[in-house]
Amino acid sequence: MRICITADLHYDIARSRPSTERLAVRACRTGAEGASGDALVLVGDTAGAALEPLREALALFDTFPGRRLLVPGNHCLWCRPGETSLDRYERILPEIAAEAGFAVLDHAPVVVEGVGLVGSIGWYDYSLRDESLGIPEPFYRAKVAPGAAARLDEHRPLVAAHADELTPRHMAIAARWMDGANVRLGMSDEQFTAMLARKLAQQLDDLAPRVDHIVAFIHHLPFRELVPADRPDRFAFAAAFMGAASLGEVLRAHPKVTHIYCGHSHWHDRQTIDGRTVVNIGSTYTDKRLEVLDL
Ligand SMILES: [Fe+2]
Ligand SMILES: [Fe+2]
């Protein structure tokens with residue numbers, strides 16, 4: 001079977017649209033050249049809060065000849081007024097996916113040609129943060145670096161509360177993680193991550209006895225090894241939001257998981273971790289990448 005995989009299409013962003021359209025043509029053609037039992041997986045951040053760009057992006061793959069599967073990304077949980085991220089995750093995105101002939105893999109693993117496919121948005125619990133920065137944890141919870149917090153009325157009290165611990169280096173980091181303003185989970189990041197880890201573990205337990213091997217698609221990074229090192233401080237701050245080691249532990253517990261694909265960091269990477277092939281798709285806003293796995 002052939003699996004075509006891409007991620008981070010960000011079709012709601014103008015500069016992402018031409019490259020996404022080119023990639024969709026290529027994916028549909030590549031699928032048509034494969035053996036029977038093809039699957040297409042979009043591994044997160046297909047679009048953002050507005051739903052029409054998501055519908056438009058999914059429609060680009062109308063002619064893909066096989067199973068069409070969607071894994072949401074953090075941008076897919078950005079809310080419009082009155083929405084909650086959990087409702088988007090559990091109800092709104094699956095409905096839109098179904099209208100377009102896609103299924104949200106997070107909610108129902110599939111078996112194609114004897115291969116198990118599982119998916120999860122994954123999330124972050126700050127476990128992949130760069131400890132060497134020494135930024136106090138409350139700044140990660142608020143999703144603002146100290147330099148940004150000092151300029152924002154709502155976050156300035158945080159700077160005052162931690163004045164003794166903050167250094168000039170900290171204050172020079174003016175980054176924000178915009179999920180802080182756009183995601184409404186109704187629970188902490190740690191709780192959401194733990195919920196996803198339990199769900200993935202249950203799905204793998206159910207699937208493993210029925211298949212010879214499993215391919216996993218996780219939007220966020222499940223392994224610290226995938227977090228780009230030696231980056232400028234604003235990216236080092238963002239490492240906290242790249243993923244969660246607990247998701248990686250769930251995958252490591254299942255020897256039948258032979259391939260793992262993720263996205264999110266927009267940083268292409270391919271590694272062997274614990275004997276498994278781990279690929280970060282690495283689409284950027286202007287260049288979209290397609291991975292093809294023939295099994
Ligand atoms: Fe992305
Ligand atoms: Fe993302």
Pull out a ≥ b ≥ c, the square roots of the eigenvalues of the alpha-carbon gyration tensor of the range 145-247, then state rounded if a/c is under 1.5, prolate if not and a/b is larger than b/c, and oblate in the remaining case.
-> prolate
Sorted from largest down, what three extents in whole angstroms do the Cα atoms of the range 1-152 have along their principal axes?
-> 55, 31, 28
Among the DSSP beta bridges whose two residues both lie in the chain, what percent are antiparallel, rounded to the nearest 5?
-> 35
Give, as a single signed number, the net charge of other residues whose beta carbon lies under 9 Å from the beta carbon of Leu295, with Lys and Arg counted +1 and Asp and Glu -1.
-> -1
Toy charge model, Lys and Arg Cβ at +1, Asp and Glu Cβ at -1: the chain dipole around Cα centroid in debye, rounded to 20, equals 400
Inter-part distance where the range 192-245 and the range 12-91 are each reduced to a Cα centre, Å | 20
Over the Cα atoms of the chain, how large are the radius of gyration and the largest Cα-Cα distance (Dmax), in Å?
-> 19.0, 63
Taking R0 as 25 Å and r as the Cβ-Cβ distance between Ser127 and Arg156, the FRET efficiency 1/(1 + (r/R0)^6), rounded to the nearest 0.05, comes to 0.35
Charge-dipole axis of the chain as Lys and Arg at +1 and Asp and Glu at -1 on Cβ define it, positive-most pick from Leu77, Gln203, Phe235 | Phe235
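Cβ under 9 Å from Thr6's Cβ, Thr6 left aside: what net charge do those residues give with Lys, Arg +1 and Asp, Glu -1?
Every neighbour counted, the sum reads 0.
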Taking a probe of 1.4 Å, how large is the accessible area per residue of the chain, in Å²?
-> 40
Env charge @ Lys199, Cβ radius under 13 Å, K,R +1 / D,E -1, value -3
Between Glu99 and Glu190, what FRET efficiency comes out of the Förster formula 1/(1 + (r/R0)^6) with R0 = 35 Å and r the beta carbon distance, rounded to 0.05?
-> 0.55
Among Tyr126, Val250, Gly44, whose Cα lies farthest out toward the positive end of the dipole of the chain, if unit charges sit on the beta carbon of Lys, Arg (+1) and Asp, Glu (-1)?
-> Gly44
Using a 1.4 Å probe on the protein chains only, how many percent of the accessible area of the chain belongs to carbon and sulfur?
-> 51
Per-residue [θ]222 nm for the chain (sum of -39500 (n - 2.57) over DSSP H runs n ≥ 4, rounded to 500) = -8000 deg cm²/dmol
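If you place +1 on the Cβ of every Lys and Arg and -1 on the Cβ of every Asp and Glu, how big does the dipole about the Cα centre of the range 182-286 come out, in debye to the nearest 20? Mind showing how you got there, number by number?
Details: 11 positive and 11 negative charges, 34 e Å.
The dipole of the range 182-286 has a size of about 160 debye.
The values are calculated or read from the model by the stated rules, or taken from the named source; none is laboratory data. From a predicted model like this one, the values you see are computed outputs, not experimental measurements. Using ideal geometry, Cβ is built from the backbone for each residue, glycine included, and neighbour counts are taken over all protein chains shown. All accessible areas refer to the heavy atoms of the entire protein, side chains included, with ligands and DNA or RNA removed. Shrake-Rupley method; radii C 1.70, N 1.55, O 1.52, S 1.80 Å.
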